[in-house]
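Take a look at the structure below.
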Amino acid sequence: MQIILYYAPIACSLVPYVSLTEAGAEFEVRPINLKTSQQMSPEYRALNPKHKVPMLVVDGQSLTENTAINTWIARTFPKANLMPKDPWLELQAISLMSWCASGVHPFLTRHNNPAKVCEVPGAEASVRSHATAGLMDALSYAEKRLAGREFFFDHFTSPDAHFFWCMRRAQLFEIEEVAELKNCMAHFERVKARPSVQKVLAFEKSVLDGFAKAA
Ligand SMILES: N[C@@H](CCC(=O)N[C@@H](CS)C(=O)NCC(=O)O)C(=O)O
């Protein structure tokens with residue numbers, strides 16, 4: 001089976017990189033430079049009209065959306081236990097990843113590019129402050145879910161990788177409030193220590209260095 005991951009540094013394509021690595025899968029990574037808007041190029045848009053990462057291509061068939069991609073990885077590599085085995089808990093895991101994608105990620109996107117949601121000159125600070133309030137409200141749910149727990153379920157699963165990415169992105173945006181979330185921060189450090197996450201962070205650095213050299 002040929003697996004290709006379209007990936008961009010810093011972006012949420014970190015999540016399937018971690019899942020594939022945890023699964024011991026062989027996969028090829030094709031880096032996309034979001035800083036130069038490579039995702040908007042005719043070549044990439046021909047592959048993925050949504051012009052987003054991640055995208056997984058399996059034997060020539062493409063799959064987009066983190067929730068679907070990570071569900072595919074978990075089902076294709078069952079020995080890695082990337083989702084709970086119990087069908088109800090598996091759906092709870094899918095629900096958590098959908099929430100990361102639709103209940104948390106949009107607040108981070110507003111931080112990244114406030115002008116996308118409000119073009120009024122000088123509105124950036126207000127957009128970011130509303131985004132932070134929405135983000136903190138969303139994260140308070142995870143703070144409660146993670147109380148007294150190492151992971152969202154009884155072992156590491158893909159939703160842990162997805163939530164790790166959300167927390168990392170928030171910290172890279174220097175949203176200081178997230179540091180107050182003790183359970184989320186402990187989860188962040190726990191997931192960060194995993195070899196799969198250390199591997200993607202090292203890979204990310206090498207891709208960023210390569211982009212800088214090419215610029
Ligand atoms: N719902 C998608 C979100 C994907 C997404 O927004 N990816 C961002 C990077 S984190 C992206 O590719 N942005 C480029 C663009 O919007 O053109 C998922 O969960 O996979």
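The values are calculated or read from the model by the stated rules, or taken from the named source; none is laboratory data. Worth saying up front: this structure is predicted, and the values here are computed from it rather than measured. Positions of Cβ are generated from backbone atoms using ideal geometry, with glycine treated the same way; all protein chains shown enter the neighbour counts. These area figures cover heavy atoms from the full protein model, side chains too; ligands, DNA and RNA do not enter into them. Shrake-Rupley method; radii C 1.70, N 1.55, O 1.52, S 1.80 Å.
Residues that are more than 19 Å from the chain's Cα centre (by Cα), basic (K, R) and not assigned by TED's automatic domain parsing to the domain that holds N70: does segment 96-113 have at least one?
To start, the set of residues in segment 96-113 that are more than 19 Å from the chain's Cα centre (by Cα) comprises none.
No, because not a single residue in segment 96-113 is more than 19 Å from the chain's Cα centre (by Cα), basic (K, R) and not assigned by TED's automatic domain parsing to the domain that holds N70.
Tell me, which helices (runs of 4 or more DSSP H) wholly within segment 10-101 include 3 or more residues that are open to solvent by 70 Å² or more (accessible area, probe 1.4 Å) and modelled with pLDDT of 95 or more? Explain how you work it out, then say what you get.
Numbers: elements: 14-22, 42-47, 66-76, 87-99.
Counting at least 3 such residues, we get 42-47, 87-99.
Counting only residues that are under 19 Å from the mean Cα position of the chain (by Cα) and among the acidic types (D, E), which one in segment 179-215 is least open to solvent (accessible area, probe 1.4 Å)?
E204
Within segment 131-146, is there a residue that is open to solvent by 70 Å² or more (accessible area, probe 1.4 Å), within 16 Å of the ligand (Cβ to nearest atom) and within 27 Å of E180 (Cβ to Cβ)?
No, segment 131-146 contains no residue that is open to solvent by 70 Å² or more (accessible area, probe 1.4 Å), within 16 Å of the ligand (Cβ to nearest atom) and within 27 Å of E180 (Cβ to Cβ).
Being open to solvent by 40 Å² or more (accessible area, probe 1.4 Å), of a type in the set (D, E) and at pLDDT below 95 is true for just one of E119, E150. Which residue is that?
On the way: E150 fails: at pLDDT below 95.
Unique residue meeting the criteria: E119.
Can you pull out every residue in segment 100-150 that is of a type in the set (A, V, I, L, M, F, W, C) and without any contact (Cβ under 8 Å) to a residue 40 or more places away in the chain?
Listed by number, the residues that qualify are F107, A115, V117, C118, V120, A123, A125, V127, A131, A133, A138, A147.
Of the numbered conditions (1) in contact (Cβ under 8 Å) with a residue 12 or more places away in the chain; (2) near the ligand (Cβ under 9 Å from one of its atoms), F77 satisfies every one except a single condition; which is it?
Only one criterion is unmet by F77, namely (2).
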